[in-house]
Amino acid sequence: MGFNDIAGSLNQVGQIPWEYVVGYFVIALVVAFVLGKKTGGLSSFTTLDFVYIGIGVAFAVVWQWFIGAFLGGFLPTSVSAYIGIGFIGGQLITMMVVAALVRKVGVGMTSFVVYSFLSDIFHYGFGGEPMYFIYEGLTYGLFLDLTIALTGGNIFGVKSSIKASAEATATSGGGSSGKLLALMIIEGAIIGFLFAFPDPIIYSAFFGPFINASKVNWQTIYRTLTTNVISGIPAGALGGVIANRVSRAIGG
C-alpha cells in the first residue's frame, strides 16, 4: 500500500493497533459533539469566527517556523530539550487564544487542519497528506473542542469572567477573580498536559510508522512524553490566563 508518500505500514513492532486509534477518534468526536450540543458549546461559526481562526493560525505558523525557531537558537541544549518555544507559543498558547475567542466545538479541529495546511505550504510539503490533517485535527484540535464541549463554551472561564466584570462594574464591587484565575490556570494546565501526548504517543507509535514505516522505540517515546509534560503543564497554565485576557480584550 502506498499513496502520496504514505507507506501504509500497520505491522511495525510496538506500533499501536489501528483499531485503538480509530476507536479513540470516533468516541472522542461523538463525545465532543454530543456534549457540545447538550451544554451549548455547539453552534455555527460566524464570519468573525473565521477571521479569528485565520489570523490566529497564521500567527501560529509564523511563530512556530520563524519566531520560535529564531528564539530557540539562543537556548542551550539542556533547556531546549524541555522548552520548545515554537510549539509552546504557536500550537499551544496561540491555539488556546483562538479557542477562547471562538468558544465553539469545531474551532480546535478546524484551526489545526488549517495550521497543518499552511505548514505544508511553508515548511513540510504535502507528502503524507491527508494523514497529517487527520493527526493534527483529531489530537490537538479535538482536545480543545472537548474542553469547549465540557465547559459549555466557557473555556478558560471566559464567559464567567465577562459576567463577573459586568457585575463588578454595575456594583462597583469585587468578584470571584481568585476562583476565575484558578479556573484559567487549571484548565490551561490540563490542556498543556494533554498536548504532551500526541507527538510521542499517537504520532511516534502510530502515524509515524503508518506514514513513513518508521520504527517504534518506546524508550524514546517515554522520555519525550516526560519532557513534554514537564514543559506543557506550566506553559498551558500560562496560556489559559493569556487566552482569557486576550479573549476578553478582543472578543468580549
Can you tell me which residues in segment 105-126 are of a type outside the set (S, T, N, Q) and under 14 Å from the mean Cα position of the chain (by Cα)?
Val105, Gly106, Val107, Gly108, Met109, Phe112, Val113, Val114, Tyr115
Can you tell me which residues in segment 218-245 are open to solvent by less than 60 Å² (accessible area, probe 1.4 Å), under 22 Å from Ser204 (Cα atoms) and among the β-branched types (Val, Ile, Thr)?
Thr220, Ile221, Thr224, Thr227, Val229
(1) farther than 30 Å from Ser9 by Cβ; (2) modelled with pLDDT of 95 or more; (3) surrounded by 21 or more Cβ atoms within 10 Å (Cβ to Cβ): which one isn't true of Ile190, the others all being true?
(3)
I need the helices (runs of 4 or more DSSP H) fully contained in segment 21-108, keeping only those with at least 3 residues that are of a type in the set (A, V, I, L, M) and in contact with a helix residue (DSSP H, G or I) (Cβ under 8 Å, 6 or more places away or on another chain).
47-62, 95-102
Condition first: surrounded by fewer than 16 Cβ atoms within 10 Å (Cβ to Cβ) and under 23 Å from Leu142 (Cβ atoms). Now tell me which residues in segment 9-23 satisfy that.
Leu10, Pro17, Trp18, Glu19, Tyr20, Val22, Gly23
Is there a residue in segment 109-120 that is open to solvent by 40 Å² or more (accessible area, probe 1.4 Å), within 26 Å of Thr46 (Cα to Cα), assigned to a helix (DSSP H, G or I) and of a type in the set (Ser, Thr, Tyr)?
yes
Residue within segment 40-52 that is open to solvent by less than 60 Å² (accessible area, probe 1.4 Å), closer than 24 Å to Leu238 by Cβ and either modelled with pLDDT of 95 or more or in contact with a strand residue (DSSP E or B) (Cβ under 6 Å, 6 or more places away or on another chain) (or both) present
yes
Kindly establish whether Gly152 is farther than 18 Å from Tyr52 by Cβ and outside any helix (DSSP H, G or I).
yes
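The values are calculated or read from the model by the stated rules, or taken from the named source; none is laboratory data. In this text the structure is predicted, and so the values were computed from the model without any measurement. As a convention, Cβ positions derive from the backbone with ideal geometry for all residues, glycine included, and neighbour counts pool all protein chains shown. When the accessible area is computed, the model is the full protein with side chains, heavy atoms only, and any ligands, DNA or RNA have been set aside. Shrake-Rupley method; radii C 1.70, N 1.55, O 1.52, S 1.80 Å.
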